[in-house]
Amino acid sequence: MSISNTTPDSVREFDRSLALSGYPPLLDRKQVSKILGLSEGTVWGYIDRGRLPATRIGNGRGVWRIARLDLSSYIVNTVSNA
């Protein structure tokens, strides 16, 4: 489930300040792994365990995409809980 429709202003501000606004609204695992400095396998693990919201697009296996604002929210929540 995406949280983008109910994203607090602080997450939107973070999204802009981190320059994520230069990325497309939907990110692939490679882009997310680059932003977080993690391997694509680790990002997939976060998606698989529900730590990072993602949406499958297409039929069959499809492709997984992470909403940019969901990623920003994940980063803000991870940092604030550290």
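Data table
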| quantity | calculated |
| --- | --- |
| Spacing of the two label points (7 Å from each Cα toward its C-beta) at residue 21 and residue 40, in nm | 3.0 nm |
| Ranked 28, 70, 48, 9, criterion: other C-beta atoms within 10 Å, fewest first | 9, 48, 28, 70 |
| Cα-based equivalent ellipsoid of the range 25-80: semi-axis lengths in Å, sorted from largest, via gyration tensor | 18, 12, 10 |
| Estimated inter-spin distance, residue 9 and residue 59, nm [label 7 Å along Cα→Cβ] | 4.5 nm |
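Every number in this text was worked out from the coordinates using simple rules, so none of it is lab data. Since this is a predicted model, take the numbers as computed values, not measurements. Backbone-built Cβ (ideal geometry, glycine too); neighbour counts: all protein chains shown.
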